[in-house]
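Asker: I have a structure here, written as structure tokens, and I will follow up with some questions on it.
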Amino acid sequence: MTAKAPITPDILTVPRKEPEGGKINLVGLTRDKMREVLIEHGTPEKQAKMRVGQIWQWIYQWGKRDFADMTNLAKAYRAQLDEHFEIRIPEVVSKQVSTDGTRKYLVRIAGGHEVEVVYIPEEDRGTLCISSQVGCTLTCSFCHTGTQKLVRNLTPGEVIGQVMMARDDLEEWPIPGAPKDETRLLSNIVLMGMGEPLYNFENVRDAMKIAMDPEGIQLSRRRITLSTSGVVPEIARTAQEIGCLLAISFHATTNDVRDVLVPINKRWNIDALLQALADYPKASNSERITFEYVMLKDVNDSDEDAHRLIEHIKRYNIPAKINLIPFNEWPGSPYQRSSNNRIRAFANIIYQAGYASPIRKTRGDDIMAACGQLKSATERARKSRKQIEAEAGLKS
Ligand code: SF4
């Protein structure tokens, strides 16, 4: 079991800082794109491929942010790089650490927008849940992020930058030349934070390529899970172009209920989704598709629902496991969490049918771990601070 951090939730606020103008950020560029910008700014064409490899390793393997540290490059070349480029990742606005070790970050990206990142330590792994959009176009009725309208897609640099930020905070960058440490604190990535990753496909793909690159963050594709609400046309592409594991926000067993909980169902209904999953080229018994199922009291948690869920999966012969998620209530949420007994009974029906049905441990309850909550709470706190300041101004 991971040691419990004896830290109470704390909010650390850093001053607002806009990105420096003029320089090109190298973080998130594909190798081809990086080669192109290096050549444009004076790197001889013949050397460019080798330079990309060297810079790439310094950035993603060793976590360096300063060209001066790239000691296998000539001093004059380092200065030249510094003149045109920067290595910039999202800035941490606040960090909260739960008594169970869960860390929740609010990070600021270009334009002053903010997204959430959550690190969940477990016995045998450490999972980072990252965001792909600011807000979301979809309006899943159980999801707090769904109440925040879409502002914009994250760039590849902002997506992979969340992973780099977490490695900074976990102090997990290896030291060049030191023996390889196989026990990674950050061993898995889930694209399950704010936004629908398949509505930002290219940027998410380019970022995950860096995460999987043997000279990059070096995570196996089996340690990356992309969670979608069911953007059917992009599902096969996920296997072909990213090759990671897939999770589906399933949450309901009839179209009537799923239309309300996950409204994208009105566009691609349960059968269309199941067919796309049955066709997912990567699905196998060793790489099962995760069905996420949030347990909502009296909405989707009956025995009939459990039986229907099994029927769906069997009918399409999908290698699956079902993750049951006790609902994380947020202020004003229209649903309640199912009782523990109900969740256990539901899990048991699925298990008896031959499918794994783990119940997700609720993590970070004390730090508002429901996605989208920290952002709203911080915005509220800012507002009230502004109100206080305004009142003070009126009195003086
Ligand atoms: S569950 Fe995902 S897709 Fe649905 S509103 Fe929330 S962030 Fe968007």
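The values are calculated or read from the model by the stated rules, or taken from the named source; none is laboratory data. Everything quoted here is computed from the prediction, not taken from an experiment. Cβ: placed from backbone, ideal geometry, glycine included. Neighbour counts: every protein chain shown. These area figures cover heavy atoms from the full protein model, side chains too; ligands, DNA and RNA do not enter into them. Shrake-Rupley method; radii C 1.70, N 1.55, O 1.52, S 1.80 Å.
Asker: So how do 43-56, 131-144 stack up, highest first, on mean other-Cβ count within 10 Å?
Answerer: The most tightly packed comes first, giving 131-144, 43-56.
Asker: Shape verdict for region 183-274, please, from the Cα gyration tensor: rounded (a/c under 1.5), prolate (a/b greater than b/c) or oblate.
Answerer: prolate
Asker: Take each of the peptides 74-81, 114-121, average the number of other beta-carbon atoms within 10 Å over its residues, and list them starting from the highest.
Answerer: The densest-packed peptide leads the list: 114-121, 74-81.
Asker: Then there is this: Accessible area of region 91-391 with a 1.4 Å probe: how many percent of it is carbon plus sulfur?
Answerer: Of the solvent-accessible surface of region 91-391, carbon and sulfur hold 48 percent.
Asker: With the chain treated as a Gaussian network of Cα nodes joined by springs under 10 Å, which of ILE210, ILE39, ILE270 yields the largest mean-square fluctuation?
Answerer: Highest fluctuation of the listed residues: ILE39.
Asker: Taking the solvent-accessible surface of protein heavy atoms with a 1.4 Å probe, what is the per residue accessible area of the chain in Å²?
Answerer: 47
Asker: How about region 181-245: which GluC sites (Glu not before Pro) there are in a DSSP loop, with at most 16 other Cβ atoms within 10 Å of their Cβ?
Answerer: Details: sites: GLU182, GLU202, GLU215, GLU234, GLU241; in loops: GLU182, GLU215.
Answer in residue order: GLU182, GLU215.
Asker: Right, here's the next one. Treat every Asp and Glu Cβ in region 133-213 as -1 and every Lys and Arg Cβ as +1, leave all other atoms uncharged, and give the resulting dipole magnitude about the Cα centre to the nearest 20 debye.
Answerer: On the way: 7 positive and 11 negative charges, 63 e Å.
Once rounded to the nearest 20, the dipole reads 300 debye.
Asker: Between ARG125 and LYS49, what length in nm is gained on full extension when 0.36 nm per residue of separation is reduced by their alpha carbon distance?
Answerer: Length gained, ARG125 through LYS49: 23.9 nm.
Asker: Between GLY126 and residues 5 or more places away or on another chain, which pairs have amide H atoms under 5 Å apart, with H built 1.01 Å from N, and which residues are they?
Answerer: SER187, ASN188
Asker: Put a dot 7 Å past each Cα toward the Cβ at VAL151 and ARG267; how far apart are the dots in nm?
Answerer: Once both label points are built, they end up 2.2 nm from each other.
Asker: What part of the accessible area of region 24-86, given as a whole %, is carbon or sulfur when the probe is 1.4 angstrom?
Answerer: The nonpolar share, carbon plus sulfur, comes to 49 percent.
Asker: Same structure, new question: So how much slack lies between ARG221 and GLN352, counting 0.36 nm per residue of separation and subtracting their Cα-Cα distance, in nm?
Answerer: Result: 44.1 nm gained on full extension.
Asker: Also, quick follow-up: Can you tell which of PRO156, PRO197, PRO214 shows the greatest fluctuation in a Gaussian network model of the chain with Cα springs below 10 Å?
Answerer: Of PRO156, PRO197, PRO214, the Gaussian network model singles out PRO214 as fluctuating most.
Asker: Still on this structure: For THR225, what accessible area in Å² do you get when you roll a 1.4 Å probe over the heavy atoms of the protein chains, rounding to the nearest 10?
Answerer: 20
Asker: Over all directions, what mean area does the Cα convex hull of the chain project, stated in square nanometres?
Answerer: 22.7
Asker: Once the dipole of region 91-391 is set up with Lys and Arg at +1 and Asp and Glu at -1 on Cβ about the Cα centre, which of VAL117, THR137, ALA211 lies farthest towards its positive end?
Answerer: Highest projection toward the positive end goes to THR137.
Asker: Related question: Could you run the Karplus curve 6.51 cos²θ - 1.76 cosθ + 1.60 with θ = phi - 60° over region 96-113 and give me ³J(HN,Hα) per residue in whole Hz, x for Gly and Pro?
Answerer: 10, 10, 7, 5, 8, x, 4, 10, 10, 10, 10, 10, 9, 10, 3, x, x, 7
Asker: What value, in deg cm²/dmol to 500, does the helix sum -39500 (n - 2.57) over DSSP H runs of n ≥ 4 give at 222 nm once divided by the residues of the chain?
Answerer: Computed mean residue ellipticity for the chain: -10000 deg cm²/dmol.
Asker: Okay, moving on. Given the options THR155, GLY243, SER187, identify the residue whose Cα lies farthest towards the positive end of the charge dipole of the chain (+1 on Cβ of Lys, Arg; -1 on Cβ of Asp, Glu).
Answerer: THR155
Asker: When only Cα pairs under 8 Å and 6 or more residues apart are kept, what is the percent relative contact order across the chain? All intermediate terms of the calculation are to be shown ahead of the outcome.
Answerer: Values: 716 pairs, mean separation 57.9, N = 396.
After rounding, I find 15 percent.
Asker: Tell me which residues come under 5 Å, amide H to amide H, from ILE24 once H is placed; ignore anything under 5 positions away on its chain.
Answerer: PHE85, GLU86
Asker: So for each of 90-102, 60-72 I average, over its residues, the number of other beta carbons within 10 Å; can you give me the resulting order with the highest mean first?
Answerer: Result, highest mean Cβ count within 10 Å first: 90-102, 60-72.
Asker: Now a separate question. Of all DSSP beta bridges located in the chain, what percent are antiparallel, nearest 5? Spell out each step's value before the answer.
Answerer: Details: 20 of 44 bridges.
Restricted to the chain, the bridges split so that about 45 percent are antiparallel.
Asker: Test of understanding: in a Gaussian network model of the chain with alpha carbons linked when under 10 Å, which of LEU273, LEU245, LEU170 would top the mean-square fluctuation ranking?
Answerer: In the Gaussian network model the winner is LEU170.
Asker: Right, another one. Using the Karplus curve 6.51 cos²θ - 1.76 cosθ + 1.60 with θ = phi - 60°, work out ³J(HN,Hα) for each residue of region 224-241 in order, rounded to whole Hz, and write x for Gly and Pro.
Answerer: Along region 224-241, the couplings run 10, 10, 9, 10, 10, 7, x, 7, 3, x, 9, 5, 5, 4, 4, 5, 6, 9 Hz.
Asker: Hand me the trypsin sites (Lys or Arg not before Pro) from region 155-221 located in a DSSP loop with no more than 12 other Cβ atoms within 10 Å, in residue order please.
Answerer: Numbers: sites: ARG167, LYS180, ARG184, ARG205, LYS209, ARG221; in loops: LYS180, ARG184.
When the trypsin sites (Lys or Arg not before Pro) of region 155-221 are filtered for loop state and at most 12 Cβ neighbours within 10 Å, LYS180 remain.
Asker: How would you classify region 210-326 from its alpha-carbon gyration tensor, with a ≥ b ≥ c the square roots of the eigenvalues: rounded for a/c under 1.5, else prolate if a/b is greater than b/c, otherwise oblate?
Answerer: prolate
Asker: Classify region 91-237 as rounded, prolate or oblate from the Cα gyration tensor: take a ≥ b ≥ c as the square roots of its eigenvalues, call it rounded if a/c is under 1.5, otherwise prolate when a/b beats b/c and oblate if not.
Answerer: Here region 91-237 falls in the prolate category.
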